[in-house]
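Have a look at the structure below before the remarks.
Read the figures in this text as sums done on the coordinates, not as results from a lab. Being a predicted model, the structure only gives us computed values, none of them experimental. Please note: Cβ atoms are built from the backbone with ideal geometry, for glycine as well, and neighbour counts cover all protein chains shown.
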Amino acid sequence: MTQKDLSVIGACMQGAPAAVGDVLADVDTPALLIDLDAFEDNLARVHARILQAGLLVRPHGKAHKTPAIAHLQLAAGAHGICCQKVSEAEVFVQAGIKDVLITNQIVGTRKAARLAVLAGQAKIGVCVDHALQVEQIGHALRSQGTQLDVLVEIDIGHARCGVIDGDQALALAQAIAQYAPHLNFKGIHAFRGSAQHMRQPEQRAAAVTSAVEKVRSIVQQLEAADFACPVITGGGTGTYGYEADSALYTEVQPGSYALMDTDYAANKLEVGSAPLRHALFGLCTVISMQPGHAVLDGGLKAFAVDQGLPRIELPGWSVKTLSDEHTTIVPGPDAVPLQVGDKVRIIPSHCDPTVNLHDWLIAIRGDVVQQAWPVLARGALF
């Protein structure tokens, strides 16, 4: 059997778990569902908040890895999207997304060469925090004869990537300028992932205020050296309103807002704010009933647990454990009855890595399947 034969067989075996027009009871499991009503409401509310403040919306593709969703985000007013990897960006560009910011550091000559080719196909941006990144990307773009935008990343408290002061930012801006016109210095990337999950709104507001003070000072130093910063980008689902009101940021990068998960839902909101809706659900089948527990057909290979166990959307039942292929759920005193063959919904605790475990997202309205979206950037890690 040839490799081509194996590929064809693999494609057939990985067919979508549902077809348009199916009812929920017909969906094969374990599957990931997108509630379109909730999804569309989340997009409308978050985009309106950011756009009304005069900023651009640049949603993060890493949250869903699905070009069909990115196109819907653009149709709902987004300016472009973000990705974390060159391979992710390649998938989205091939699917017709023409403005992609890679919010990560790209190191390695092979990655730089692919990035240079991609820059000839769409508007591409990338982040840097070290001269080697600038050198490798600059050489690749010069050799390919293409150009892209470069943002200097600032560490605003996450203690991950990013330079820590204005002198380092200025040195990188000067290094970028040596590769003009292939590299275009565009401004600052300032994202603090940990701030997105601070539970109290006062904590999140203080984190953004601190970031704005630091970034504004660095921008002033860059502009004094004739490096204009037309783009100040960052923020996310937990803080987008604060960046929108900052009078500094020019665009915001919400990601999980479109789907939501139990971790983001644990954030306390400002008084009068309505929570975003859960749009992402796992669908599982009860495959075994035993005294004191039931077993579902999706486990660690269907749900990420880095932010804790997923939550079952079934009165009186709770998730006890996950193993490779199974989730064990246990009843409380008021648990509704279950039997083998029943289907139940699970709310993931972390949407991004959960989506990366699946080949398809099944978009539903009510209990009827509307679309089956392939997760085309699944596994795009390099």
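Counting Lys and Arg as +1 and Asp and Glu as -1 over every other residue whose Cβ lies under 12 Å from the Cβ of Gln371, the net charge comes to 0. Three semi-axes describe the equivalent ellipsoid of region 141-222; taken as square roots of 5 times the Cα gyration tensor eigenvalues and ordered largest first, they are 29, 14, 9 Å.
Note on the chain: with charges restricted to the Cβ of Lys and Arg (+1) and Asp and Glu (-1), its dipole about the Cα centre is near 520 debye. Think of each Lys and Arg Cβ as +1 and each Asp and Glu Cβ as -1; about the Cα centre, that makes the dipole of region 158-311 roughly 400 debye. Model label points for Arg216 and Gln94, set 7 angstrom from Cα along the Cα-to-Cβ axis, are 4.5 nm apart. With 23 Å as the limit, the listed pairs Lys85/Lys186; Lys268/Lys343; Lys62/Lys343 have Lys268/Lys343; Lys62/Lys343 beyond it between alpha carbons.
Counting neighbouring beta carbons within 10 Å and listing from fewest to most, the residues Lys65, Lys320 come out as Lys320, Lys65. When only the Cβ of Lys, Arg, Asp and Glu is charged (+1, +1, -1, -1), the dipole of region 66-140 relative to its Cα centre reaches about 140 debye. Quantify how much of the Cα-Cα distance distribution of region 36-259 extends past 30 Å, in percent. I get 19 percent for the Cα pairs in region 36-259 exceeding 30 Å. Ignoring aspartates and glutamates fewer than eight residues from Lys320 along the same chain, the ones with Cα atoms less than 19 angstrom from its Cα are Asp261, Asp263, Asp297, Asp306, Asp334, Asp342. Return the single residue from Val252, Val231, Val126 with maximal mean-square fluctuation; model: Gaussian network over the chain, springs between Cα atoms under 10 Å. Its mean-square fluctuation being the largest, the pick is Val231. For Thr237, the residues whose amide H sits under 5 Å from its own are Gly255, Ser256, Tyr257, ignoring neighbours fewer than 5 places away on the same chain, with H placed 1.01 Å from N.
Taking amide H atoms as placed 1.01 Å from N in the peptide plane, the amide H of Ile346 lies under 5 Å from those of Gly282, Leu283, Cys284, Glu313, each 5 or more residues away in sequence or on another chain. From helices alone, the chain scores -9500 deg cm²/dmol at 222 nm; the rule is -39500 (n - 2.57) for each run of n ≥ 4 DSSP H residues, then divide by the residue total. Label-to-label distance for Ser87 and Met289 is 4.3 nm, based on points extended 7 Å past Cα in the beta-carbon direction.
Residue-wise HN-Hα couplings along region 149-154, as the Karplus relation 6.51 cos²θ - 1.76 cosθ + 1.60 with θ = phi - 60° gives them from phi, are 8, 10, 10, 7, 7, 10 Hz; Gly and Pro carry x.
Residues in region 271-284 carry Karplus couplings, in order, of 4, x, 8, 8, x, 5, 9, 5, 10, 10, 9, x, 10, 10 Hz; the curve used is 6.51 cos²θ - 1.76 cosθ + 1.60 with θ = phi - 60°, and Gly or Pro positions show x. Computed from the Cβ-Cβ distance with R0 of 56 Å, the FRET efficiency linking Ala53 to Asp28 stands at 0.85.
What the Cα atoms of the chain give is an Rg and a Dmax of 22.3, 72 Å.
Projecting the Cα atoms of Val212, Ala180, Pro374 onto the dipole axis of the chain, where Lys and Arg carry +1 and Asp and Glu carry -1 at the beta carbon, places Ala180 farthest toward the positive end. For Val23, the shell of other residues with beta-carbons less than 15 Å away shows a net charge of -3, using +1 for Lys and Arg and -1 for Asp and Glu.
Could you pull out every residue, at least 5 positions away or on a different chain, whose amide H is within less than 5 Å of the one on Gln371? Hs are placed 1.01 Å off N in the peptide plane, and Pro or chain starts have none. Those lying under 5 Å, H to H, from Gln371 are Ala363.
Report the relative contact order of the chain, percent, no decimals, based on alpha-carbon pairs under 8 angstrom and at least 6 residues apart. Over the chain, the number comes to 22 percent. Here the label points at Lys343 and Arg110, each 7 Å from Cα along the C-beta direction, are separated by 4.1 nm in the simple model.
In order along region 34-50, the Karplus-derived 3J(HN,Hα) couplings, from 6.51 cos²θ - 1.76 cosθ + 1.60 at θ = phi - 60°, round to 10, 7, 5, 4, 5, 4, 5, 5, 4, 4, 4, 5, 5, 4, 4, 4, 6 Hz, and Gly and Pro are given as x.
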